[in-house]
Amino acid sequence: MLNHLQDTVTLNNGVKMPWLGLGVYKAQEGEEVVSAVKTAIRHGYRSIDTAAAYNNEEGVGQAVAEAILENGLAREDIFITSKVWNSMQGYETTLEAFDTSLRKLNVDYLDLFLIHWPVKGKYKDTWRALEKIYREGKVRAIGVSNFNIHHLEDLLADAEVVPAVNQVEFHPHLFQKELLQFNQDKGIQLEAWSPLGQGKLLENETLKAIAAKHGKNVAQVILRWDLQVGVVTIPKSVNEGRIVQNANVFDFQLDIEDLAAIEALNQDLRYGSDPDNFNF
């Protein structure tokens, strides 16, 4: 049983990644993202997920640097993820994009670098660039985001390095069971973005009943469910109270009945973009 915010999963290359982190999608560059990241680290978070497309890498980098000093930590204590955006995909442009992310984050290396979306005709060249970066030791692990099974099968046909992580939309209304199983079979760690379904699940009566049973809130139940089905999760918030609450999921466990009830909520319903119909 996972029982601490800093508990980690060992990725397929031996790198340890925290099970729960802070997502900063839509956190505004500047004071908002700096405050959110510093707050999270102060309260024990050790994983921060950003992306070039979020336009807040500089703030994340500033926050991490300040939090390291203020909390007596070291760079290696913080797991930083970023992603290459679609317009920069391709071999040479991905190398440039990675260097830009490093510069904006003001770090010497990244812990995880992902292909943000499977841009048709480009993601294989993008992956070759990630493999080069990985071999050169500039990033500790590489992976993908929003890849369905057929994208992964296509990538793996030529890849020299198996992705360590696949970050996808995953929540009780979109329990991607086949995708989860495929990733597990290939040794790829699934990671959930939008784990709370953009807030649309917070009034669900089934989840509210489970939350009441455990003395928790609905968000905590969903995040605990992620962990128990083996999915890394990165809820986003800039509110200190919610950042703290979202991490308070290590002192209870959902039982078999809870897990079955949550799985039954699946509607194959996306609140974000569909990787097969995304307007790249």
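The table below lists the values:
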read-out: Amide H contacts of residue 47 (H built 1.01 Å from N, under 5 Å, at least 5 apart or other chain); value: 22, 79
read-out: For the stretch 135-148, Karplus couplings with θ = phi - 60° (6.51, -1.76, 1.60), whole Hz, Gly/Pro x; value: 4, 7, x, 7, 9, 7, 7, 10, x, 10, 9, 6, 8, 7
read-out: Heavy-atom accessible surface of the chain: percent carbon and sulfur, 1.4 Å; value: 47 percent
read-out: Cα Rg, Dmax (largest Cα-Cα span) when computed across the chain, Å; value: 17.8, 53
read-out: Per residue accessible area of the chain, 1.4 Å probe, in Å²; value: 42 Å²
read-out: Under-5 Å amide H pairs with residue 9, H placed in peptide plane, nonlocal only; value: 17, 19
read-out: Residue-averaged [θ]222 nm for the chain, counting only DSSP H segments that reach four residues, each worth -39500 (n - 2.57); value: -12000 deg cm²/dmol
read-out: Cα centroid separation - the stretch 163-197 against the stretch 60-79, whole Å; value: 28 Å
read-out: Fully extended contour minus Cα-Cα distance, from residue 208 to residue 12, at 0.36 nm per residue; value: 67.0 nm
read-out: Average Cα contact separation per residue, the chain, under 8 Å, 6 or more apart, as relative contact order %; value: 19 percent
read-out: Within the chain, longest stretch clear of exposed trypsin sites (Lys or Arg not before Pro) (DSSP loop, no more than 14 other Cβ within 10 Å); value: 27-119
read-out: Share antiparallel - DSSP beta bridges, the chain, percent rounded to 5; value: 15 percent
read-out: Calculated FRET efficiency for the pair residue 73/residue 154, C-beta based, R₀ 41 Å, to 0.05; value: 0.55
read-out: Debye equation applied to the C-alpha atoms of the stretch 180-280, log10 I(q)/I(0) at 0.18, 0.21, 0.23 Å⁻¹; value: -0.94, -1.24, -1.41
read-out: Mean Cα-pair separation over length for the stretch 63-117, i.e. relative contact order, pairs under 8 Å, 6 or more apart, %; value: 43 percent
read-out: Anisotropy class of the stretch 219-270 from Cα gyration tensor, a/c 1.5 cut; value: oblate
read-out: In Hz, Karplus ³J(HN,Hα) per residue of the stretch 157-168 (6.51, -1.76, 1.60; θ = phi - 60°; x = Gly, Pro); value: 4, 10, 5, 8, 10, 6, x, 7, 9, 10, 9, 9
read-out: The stretch 34-167, relative contact order [Cα under 8 Å, separation at least 6], %; value: 21 percent
read-out: Solvent exposure ordering (accessible area, 1.4 Å, most first) of 4, 171; value: 4, 171
read-out: Amide H contacts of residue 174 (H built 1.01 Å from N, under 5 Å, at least 5 apart or other chain); value: 267, 269
read-out: Anchor residue 213: lysines whose Cα lies under 26 Å away (excluding residues fewer than 8 positions away in-chain); value: 177, 200, 236
read-out: For q = 0.13, 0.26 Å⁻¹, Debye-computed log10 I/I(0) when each Cα of the stretch 55-134 counts as one equal scatterer; value: -0.42, -1.19
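The values are calculated or read from the model by the stated rules, or taken from the named source; none is laboratory data. Keep in mind the model is a prediction, meaning the values are calculated, not measured. Ideal geometry is used to build each Cβ from the backbone, glycine not excepted, and the neighbour counts take in all protein chains shown. Keep in mind that these areas ignore ligands, DNA and RNA; they rest on the heavy atoms of the full protein, side chains included. Shrake-Rupley method; radii C 1.70, N 1.55, O 1.52, S 1.80 Å.
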